[in-house]
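Let me begin by presenting the structure, written as structure tokens, before commenting on it.
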Ligand code: THU
């Protein structure tokens, strides 16, 4: 199954009773391991978490630290781009050339590099 297909499958488990906007994310590490996430909303709205954040948390819990490829999917008229916070979270674990695939449940797909999604990203080297 492709990364987009796996993201679509996990999207079904999203907990999004407030926005009704279910999102799924799937990432692959260089070793081929795949980690999945979906958005998890909360009655206290700001406490909700994005699908990408869930997949990254699963990756770290699984003992991996590098994203080789990541896909996000939602039921939207155009491919949904990761929010600003998730761009920063992805950039923490992905090299600038890593491809982010954004897909819709209707079959549209767009791709962008991490460096293009978050130009001028703050990173650890700035704290040296
Ligand atoms: N959301 C994600 O999970 N990932 C994105 O890339 C965009 C937005 C979620 C957050 C919230 O639960 C819902 O979509 C509406 O913003």
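Residues in the stretch 1-35 that are surrounded by fewer than 11 Cβ atoms within 10 Å (Cβ to Cβ) and in contact with a helix residue (DSSP H, G or I) (Cβ under 9 Å, 6 or more places away or on another chain): 1 only. Residues in the stretch 53-75 that are closer than 11 Å to residue 33 by Cβ and in a helix (DSSP H, G or I): 58, 59. Scanning the stretch 61-68 for residues that are away from the ligand (no atom under 11 Å from the Cβ), touching a helix residue (DSSP H, G or I) at 6+ places or on another chain (Cβ under 7 Å) and under 25 Å from residue 15 (Cβ atoms) turns up at least one hit.
For residue 91, indicate whether it is touching a residue at least 24 places away in the same chain (Cβ under 8 Å), part of a loop (DSSP other than H, G, I, E, B) and out of contact with any strand residue (DSSP E or B) (no Cβ under 6 Å at 6 or more places or on another chain). For residue 91, the condition - touching a residue at least 24 places away in the same chain (Cβ under 8 Å), part of a loop (DSSP other than H, G, I, E, B) and out of contact with any strand residue (DSSP E or B) (no Cβ under 6 Å at 6 or more places or on another chain) - is not met. Starting from residues that are crowded, with 21+ Cβ neighbours inside 10 Å and more than 10 Å from the ligand (Cβ to nearest atom), keep the ones in the stretch 69-81 and report whichever is nearest to residue 94 (Cα to Cα). Top of the filtered list is 70.
Are any of the residues in the stretch 36-58 away from the ligand (no atom under 14 Å from the Cβ), touching a helix residue (DSSP H, G or I) at 6+ places or on another chain (Cβ under 7 Å) and at pLDDT 95 or above? For the stretch 36-58, residues away from the ligand (no atom under 14 Å from the Cβ), touching a helix residue (DSSP H, G or I) at 6+ places or on another chain (Cβ under 7 Å) and at pLDDT 95 or above: absent.
The values are calculated or read from the model by the stated rules, or taken from the named source; none is laboratory data. Nothing here was measured: the structure is a model prediction, and the numbers come from that model. When we count neighbours, we look across all protein chains shown, and the Cβ atoms used for this are built from the backbone with ideal geometry, even at glycine.
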